[in-house]
Amino acid sequence: MKRIADIGELNVKDIPYVGGKGANLGELTAAGFQVPEAFVLTTVAYDYYMRESGLLTHIDEALAGIDRSSDDSLTEASRRIRDMFNDHEIPDDLKDEILKSFRTLFSKNKTGFVAVRSSATAEDLPDASFAGQQDTYLNVHTPEDLLDKVRKCWSSLFTPRAIAYRERQGFAHADVKLAVVVQKMVNSEISGIMFTVEPNTNEEKVIIEAGFGLGEAIVGGEVTPDTYVVDKADKKIGKKRVAKQTWKYVKGPDGQTIKADVPADSIQIQKLTDTIIKELSELGMQIEIHYEKPMDIEWCIEEGKIYIVQARPITTLNNGKNNGETTNGTARVITNGLGASPGVAAGKVRLFEEGMSLDIVRDGDVLVTTMTMPDMVPAMSRAAAIVTDEGGMTCHAAIVSRELGTPCVVGTGDATALLKDGMLITVDGTTGTVYEGNITRNGNGDSNKENNEMSIAPSVPITGTKIMVNVGIPQKADEVAAMPVDGVGLMRSEFIFTSYVGEHPMSLVESGRSEELVEKLADGISKVARAFYPRPVILRTSDFKTNEYRDMKGGADYEPKESNPMIGWRGCSRYVSDNYREAYKCELRAIKKVRDSMGMKNVFIMLPFVRSTEELDEIVGMMNDVGLRRNKDFKLYLMAEVPVNIFMADVFCDYCDGFSIGSNDLTQLIMGADRDSDILGRMGYFDERNEAVKRAISHLIRVAHEHGKTVGICGQGPSVYPEFTEFLVREGIDSISLNPDTAINTKRMVAALEQRMILESLREMKQRL
């Protein structure tokens, strides 16, 4: 556990150690993307400083004394805590380590400029971005300045915005620690941000925002950037929005970050050439492929070279609400901007200027300001809607509004001039329009944004193909269950092991704690089953690989080191092994408890990575022993992800009620292409749309249907490739299970396709007649 680590040593599994930013920079570096050199002061360094300084007790006292009804009280507590950091020096031995690493970033006897960036252990996670909650310092040059900025980064864990944000998101203050990234500065000529999906509609488009100079102006919403939209399917540039930019941030003569005028002939020009736009979008798609999820990426360009300075999962994907009609009738449009967070809400204008108390923004007000700053999060959380003069789709106001579920319009250019305190307005965050008066569909002046969202919720079509969702985290079950879907097509039990159990199952079994394991598993399973009841919940029993099990507490005592865990001791082969059988029996007992003792008869079992019928004979026997017998009320499914499942589909049909295609593993094993290989991925070998994979799927659907069995799919392909979804529906797939953020749009697409297929069939019948 080093106090300082080079980013070349890190990957995404190191978030508890180096925070989200540090871990993602390490992951990108290891994957071969162009990332500026950096080192990270780990949470070990943070803990060491906190322990040596004795600050923890004093911080707890300050936090306990906050009046949660007053933003001023929050601000005062924050000031006291940050002053404590200023009063306590970094221990000398840690100072020496920091400065030694600082010198290694540059050639011998030379110094340079670095960015000092916070990296919190709860930052850049899939469900919370912590956008702008801690501090960043640019163009740090001297050793003294570096040490000062490290302390300031640490103390920024206790800014008013960070304290308020953690409490709103449900993170305990003590659970979040701060690492610090020290990264060589790139003297950016152009910089920006890109999303690898459209965050409001989840469309498969790359959104790129670009501006002159350093990127802090765009991230902070201080300027309105150019916006370019690139379609993933044909790689063509669609929409362009070229913004006027009169100033930029640059490195000044003394190394300080200063404002500079944009030359007159560049104020209104397109920032990036079409060639660079396409190159950036391709880079973004490669990063998305590497992470296997939509990404929010910060980039910059110096002397024609593109650098990636940050990448994180998009935390703000829309779940399908508010995509239909959003207003009632017509009204006067006051101003327009970018629709940055979908939804519609009405309320009275509250103009906010720098220096004002956040307490002036009351529940239900529409916050109108030049741009939002991270310190404004407490006020933003009370607002019914947010409107800004500056900013783009990826600025602070946009990201935080989407997390809060608050309608937001950014980049209007004139909202603060046109809107007056107390005016009643309606904000449509989907279209980017601000109207005079309250024209929400309830039309009664109610500014509650949740009521408005309910009143404008779009209809969702009925489909013959069942549209289901993949669920991992039980805590999200109630939220996801509110969606108009047909159930859970894949519940990953691995997340229950990590979030509820937290220890290798055999460690619990051998220490006489089997009942504890059963209770914890049953607790997690029942949360999802209860939320979706009576809709089916198909639970895939544990499919950790040996390297993943080794990372669990006590795992090293039970797991071998395999050179290729992806095709090693996993799935059913583990269940029938003497070294794991008792743990798997606990899983089965937990399922039995949920179904019988808790009454959740909607839980069914799906077995992963099935290699032989001999395995199934033994596993079915274990199920029977605990009282889980296949019948009309209890179904057993098999994952179809190994080629043997395809070749012997007629034989496997005797053991199950249906199959679920795991397209990632099936593609990997048919194509002989490691799905974790970035090289093969970029070369196009790993692609579910490959003809061989499609033939395998067609064969499985045909054979299964001949035997009266259903076939679904729970892999990534349908949410990424619309044409793959069309192929599946035309082949007769029974169900498609997707991540929640893509389920609604896919349901609409499938409904339209099914209608088209009916019309095609009728046309063919008419022609035959």
Solvent-accessible surface ranking, highest first, for Glu89, Glu209 at 1.4 angstrom: Glu89, Glu209
For region 1-142, accessible area per residue (1.4 Å probe, heavy atoms of protein chains only), Å²: 44
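With a 10 Å radius around each residue's Cβ, average the other Cβ atoms per peptide and rank 380-390, 74-84, highest first.
So the order, starting with the most tightly packed, is 380-390, 74-84.
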Distance between modelled label sites at Gln270 and Ser563, nm, 7 Å Cα→Cβ extension: 5.1
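Could you sort the peptides 750-761, 504-515 by per-residue average Cβ neighbour count (10 Å cutoff), highest mean leading? Display every interim value, and only then the final one.
Details: 750-761: 14.0, 504-515: 17.5.
Highest to lowest by the protection proxy: 504-515, 750-761.
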Cα long-axis angle, helix 581-592 against the chain (0 to 90 degrees, to the nearest 10): 90
Gyration tensor (Cα) of region 660-769, equivalent ellipsoid semi-axes in angstrom: 27, 16, 14
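Dividing the Cα radius of gyration by the Kirkwood radius, what Rg/Rh value follows for region 489-632?
Rounded to two decimals, Rg over Rh is 0.94.
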Accessible surface of region 564-637, 1.4 Å probe, proportion on carbon and sulfur as whole %: 45
Extension gain, Glu303 back to Asn579 (0.36 nm per residue minus Cα-Cα distance, nm): 93.6 nm
Accessible solvent surface per residue of region 542-649, calculated while the other protein chains remain in place, 1.4 angstrom probe, Å²: 41
Estimated distance in nm for a label pair at Met84 and Asp363, the labels positioned 7 Å out from Cα along Cα-to-Cβ: 3.1
Alpha carbon centroid spacing (whole Å) that separates region 268-298 from region 363-414: 25
Normalised contact order of region 661-769, rounded percent, pairs of Cα under 8 Å and 6 or more residues apart: 22
16 Å Cα-Cα reach of Lys348 towards lysines, excluding residues that sit fewer than 8 places from it in its own chain: Lys420, Lys449
Mean Cβ count within 10 Å, highest first, over the residues of peptides 295-306, 406-417, 24-35: 406-417, 24-35, 295-306
Carbon and sulfur %, accessible surface of region 61-121 computed with the full protein complex present, 1.4 Å: 45
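Any idea what the relative contact order of the chain is, in percent, if you count C-alpha pairs under 8 Å spaced at least 6 apart?
Once normalised by length, the contact order is 9 percent.
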Area accessible to solvent at Lys348, 1.4 Å probe radius, in Å²: 120
Surface per residue (accessible, 1.4 Å probe) for region 665-749, Å²: 42
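At R0 = 41 Å, how high is the FRET efficiency between Asp234 and Glu494 if r is their beta carbon distance? Nearest 0.05 is fine.
So the FRET efficiency works out to roughly 0.65.
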For region 189-242: relative contact order, % (alpha-carbon pairs under 8 angstrom, 6 or more apart): 30
Added length on full extension, which subtracts the Cα-Cα distance from 0.36 nm per residue, Asp254 to Glu516: 88.1 nm
Fraction of accessible area attributable to carbon and sulfur, region 503-551 (%, probe 1.4 Å): 45
Distance between region 722-754 and region 184-215 - C-alpha centres, whole angstrom: 30
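Can you give the helix-only mean residue ellipticity at 222 nm for the chain, where every DSSP H stretch with n ≥ 4 adds -39500 (n - 2.57) and the sum goes over all residues, rounded to the nearest 500 deg cm²/dmol? List each step's numbers first, then the result.
Values: 28 runs with 282 residues, N = 769.
Counting only the DSSP helices, I get -11000 deg cm²/dmol.
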Centre separation in Å (Cα based) which lies between region 623-671 and region 25-55: 44
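Once you have the Cα-Cα distance between Ser70 and Asp145, take 0.36 nm times their residue separation minus that, and quote the gain in nm to one decimal.
Numbers: separation 75, 0.36 × 75 = 27.00 nm, distance 3.42 nm.
Here the answer is 23.6 nm.
The values are calculated or read from the model by the stated rules, or taken from the named source; none is laboratory data. Here the structure is a predicted model, which means the values were calculated and not measured. Reconstructed Cβ throughout: ideal geometry from the backbone, glycine too, with neighbour counts over all protein chains shown. Accessible surface is based on the protein model in full, side chains and every heavy atom, while ligands, DNA and RNA are left aside. Shrake-Rupley method; radii C 1.70, N 1.55, O 1.52, S 1.80 Å.
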